[in-house]
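Data block below; observations after.
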Amino acid sequence: MYQEIERVVQVALLGEVPLTLRFLYVNPDSENICFHAVFASDATDEHMECAEVVCTEMDAKYALNNKWRVIIERNDHLPWKKGNDEFLMYFRWGELDNT
């Protein structure tokens, strides 16, 4: 299941990655899909809507009866690294400066 969702996320991201997107985690399990997109604090509402488009695209293509937990936020200070990064789907290169 995880390899399939990686492909779906990458396709959904095409054309929907503004410069302010810092990182994206998508964590699927048997009952839920947690989608967590973090943008820079200066992200516009249009930038934030890109994450909603990605969710919609994933939901349409991933066709499971899972519940979605969606977090889309502006936060320059949130550390990008969660756990061992196994669910990291997008990472802005410059984020390495903050490790």
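Under a crude label model (7 Å from the Cα following the beta-carbon direction), how far is S41 from E4 in nanometres?
According to this spin-label approximation, the distance is 4.1 nm.
Using alpha carbon coordinates only, what is the Rg to Rh ratio of the chain, with Rh defined as the Kirkwood radius?
Ratio of gyration radius to Kirkwood radius for the chain: 0.94.
To test your reading of the geometry: what angle, between 0 and 90 degrees and rounded to tens, separates the Cα axis of helix 45-62 from the longest principal axis of the chain?
Long axis of 45-62 versus the principal axis of the chain: about 20 degrees.
What's the magnitude of the charge dipole for the stretch 2-98 around its Cα centre, counting Lys and Arg as +1 and Asp and Glu as -1 at the beta-carbon? Answer in Debye, nearest 20.
The dipole of the stretch 2-98 has a size of about 200 debye.
Write down the percent of antiparallel bridges among all DSSP beta bridges whose residues are both part of the stretch 2-98, to the nearest 5.
Details: 10 of 18 bridges.
Of those bridges, close to 55 percent are antiparallel.
Return a whole-number percent for the relative contact order of the chain, with Cα pairs under 8 Å and 6 or more residues apart as the contact set. Could the numbers behind the result be given before it?
On the way: 135 pairs, mean separation 35.9, N = 99.
Once normalised by length, the contact order is 36 percent.
Amide H neighbours of Y90 under 5 Å, at least 5 residues apart or on other chains, H built in the peptide plane: list them.
The answer is L24.
Please determine, in degrees from 0 to 90 and to the nearest 10, the orientation of helix 2-13 with respect to the longest principal axis defined by the Cα atoms of the chain, where the helix direction is its Cα long axis.
Around 60 degrees separate the two axes.
Counting helices only, and only those DSSP H runs with n ≥ 4, report the 222 nm mean residue ellipticity of the chain as the sum of -39,500 (n - 2.57) divided by its residues, in deg cm²/dmol to the nearest 500. If you can, show how the numbers build up before the last one.
Numbers: 2 runs with 30 residues, N = 99.
Dividing the helical sum by the residues of the chain leaves -10000 deg cm²/dmol.
Show me the GluC sites (Glu not before Pro) within the stretch 41-97 that DSSP assigns to loop and that have at most 16 other Cβ atoms within 10 Å of their Cβ.
Here the sparse-neighbourhood loop sites are E86.
Bear in mind that the values in this text are calculations on the coordinates, not laboratory data. Only a predicted model underlies this, so the values are computations on that prediction, with no experimental measurement involved. Please note: Cβ atoms are built from the backbone with ideal geometry, for glycine as well, and neighbour counts cover all protein chains shown.
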